[in-house]
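The values are calculated or read from the model by the stated rules, or taken from the named source; none is laboratory data. Please read all numbers here as calculations on a predicted model, not as lab measurements. Cβ: placed from backbone, ideal geometry, glycine included. Neighbour counts: every protein chain shown. All accessible areas refer to the heavy atoms of the entire protein, side chains included, with ligands and DNA or RNA removed. Shrake-Rupley method; radii C 1.70, N 1.55, O 1.52, S 1.80 Å.
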Amino acid sequence: MDELESLAESAGYKVVAKIEQVKRRPDPKFQIGKGKVKELARLVKEKNAEKIIFDNPLKPVQAYNIAKETGVEAIDRFQLILEIFVRRASTTEAKLQIELARLRYELRRAKEKVRLAKMGEQPGFMGLGAYEVDVYYETIKRQIQTIRRKLQKIREKRKLHRARRHELGFSSISLAGYTNAGKSSLFNVLTRESVPVDNALFTTLSTTTRLIDVFGRKVLLTDTVGFIDRLPLTLIEAFHSTLEETIFSDLILLVVDLSEPLEEIERKLSCCLDTIYKIGASSIPIVTALNKMDLLSKEEIHRKVEALKDLAPNPVVVSALYGINLEGLKHEIRRQLKDYVKVSFSIPISEETMSFISWLHNRTNVYAIKYENEKVNGIFEAVPWFADKVCSKIKNLGGIFDQFSKG
Ligand code: GDP
Ligand code: MG
């Protein structure tokens with residue numbers, strides 16, 4: 001249930017109530033028992049809930065009957081995970097992968113859903129009653145073929161080098177790890193004192209990316225889709241392309257729940273590392289945050305860290321909830337990040353130069369700007385590839401520059 005709640009939050013829901021029924025054979029009509037449905041309907045009304053999310057898979061007829069009894073739509077874990085992917089995907093390929101997974105899921109249920117909708121439409125079955133059974137099925141089939149063709153085309157012309165997500169001079173860090181490991185908690189605590197950014201930059205960043213300060217250096221931190229246990233097979237491709245676009249960064253911050261049993265931690269860690277390897281991100285340095293240390297004794301922490309030292313890359317023990325050892329974590333992050341390059345420059349003043357300066361402010365660490373004798377002199381710091389890009393701009397503006405790496 002905790003996992004399901006974390007997933008629901010990732011999909012943007014606010015959980016208003018939870019209800020469980022233990023050890024029972026699934027009821028063909030409702031999945032849960034008849035009495036439980038009544039209880040559920042009362043709870044929906046009392047809490048003004050707008051949707052019901054099941055951990056178990058729901059057959060169309062079960063979703064239909066529950067909607068009829070409660071007045072709101074019922075979805076299952078599969079649909080919830082799809083929604084999370086939809087929210088996070090931004091490249092065309094990832095979006096198409098997800099749409100493909102959704103349509104394949106819908107195809108299997110299409111005929112039954114139309115038949116049910118003909119008995120009266122319910123939340124989740126709206127608009128389907130007007131279809132002929134076969135027409136709806138064939139429509140979905142055709143959509144699947146169209147998407148397959150589009151995906152094929154994209155794969156053919158995929159560039160050798162991945163497009164950079166941000167045209168910015170800051171290093172980027174992506175958070176990874178299983179649901180419930182504490183990624184969002186760590187994201188929140190690390191971004192609590194996030195660097196204010198102006199509108200121009202803000203609009204280029206997604207809602208899950210913030211600019212943070214790591215010992216005087218600004219870096220971008222992104223909360224990714226995360227790994228999900230019991231991921232349905234049909235969603236693996238969609239997951240990979242959604243993860244791929246977010247995880248390519250200068251550093252991966254892998255969050256692990258240290259309070260789980262050792263075998264569980266090892267299983268999840270191996271799975272994360274395997275996936276990172278599989279999508280071709282193995283050259284990115286990883287820092288492992290061993291989270292929830294507050295739940296363990298000193299001895300237990302020591303025992304687990306010892307046992308994990310060969311598996312977990314650059315481990316640091318932390319508590320996101322209580323903000324313990326964040327300094328240690330930042331220290332390790334700083335150690336693993338490539339150094340920035342410092343550049344001093346001098347450009348003749350012009351209108352173009354002025355707009356260049358404000359562009360620069362939004363994309364790099366600017367240390368000093370001075371106006372003197374019809375010239376702008378300044379110093380900035382950025383990741384090496386971006387610094388090179390800026391230097392060619394400076395050249396085009398008739399300026400001169402001096403680059404030096406900084407330890
Ligand atoms: P996510 O799914 O990886 O984003 O995980 P969340 O950040 O949503 O955290 C999942 C649960 O673990 C929440 O109930 C958090 O309050 C809890 N949690 C996160 N970090 C810690 C921690 O350091 N200590 C303890 N005791 N609980 C934590
Ligand atoms: Mg989260």
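A few notes on this one:
- Among the residues of segment 364-376, not a single one is basic (Lys, Arg) and either open to solvent by less than 50 Å² (accessible area, probe 1.4 Å) or under 30 Å from Val256 (Cα atoms) (or both).
- Among the criteria (1) open to solvent by less than 40 Å² (accessible area, probe 1.4 Å); (2) out of contact with any helix residue (DSSP H, G or I) (no Cβ under 9 Å at 6 or more places or on another chain); (3) at pLDDT 95 or above, the one Glu300 does not fulfil is (1).
- Test: residue in segment 228-249 that is under 20 Å from Lys330 (Cα atoms), part of a strand (DSSP E or B) and either open to solvent by less than 10 Å² (accessible area, probe 1.4 Å) or in contact (Cβ under 8 Å) with a residue 40 or more places away in the chain (or both): no
Residues are listed down the side, and each one gets a yes or a no for (1) assigned to a helix (DSSP H, G or I); (2) modelled with pLDDT under 95; (3) at negative phi; (4) among the small types (Gly, Ala, Ser):
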| residue | (1), (2), (3), (4) |
| --- | --- |
| Ile52 | no, no, yes, no |
| Asn65 | yes, no, yes, no |
| Ile84 | yes, yes, yes, no |
| Ile98 | yes, yes, yes, no |
| Arg102 | yes, yes, yes, no |
| Arg108 | yes, yes, yes, no |
| Glu112 | yes, yes, yes, no |
| Met119 | no, yes, yes, no |
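- Pro123 vs. criteria modelled with pLDDT under 95, assigned by TED's automatic domain parsing to the domain that holds Lys23 and open to solvent by 20 Å² or more (accessible area, probe 1.4 Å): no
- Hits in segment 4-55 - residues which are within 16 Å of ligand 1 (Cβ to nearest atom), of a type outside the set (Val, Ile, Thr) and in contact with a helix residue (DSSP H, G or I) (Cβ under 9 Å, 6 or more places away or on another chain): Leu4, Ser6, Leu7, Ala8, Glu9, Ser10, Ala11, Gly12, Tyr13, Lys14, Lys18, Asp55
- Each residue in segment 281-323 was checked for being within 14 Å of ligand 1 (Cβ to nearest atom) and among the hydrophobic types (A, V, I, L, M, F, W, C), and 11 of them qualify.
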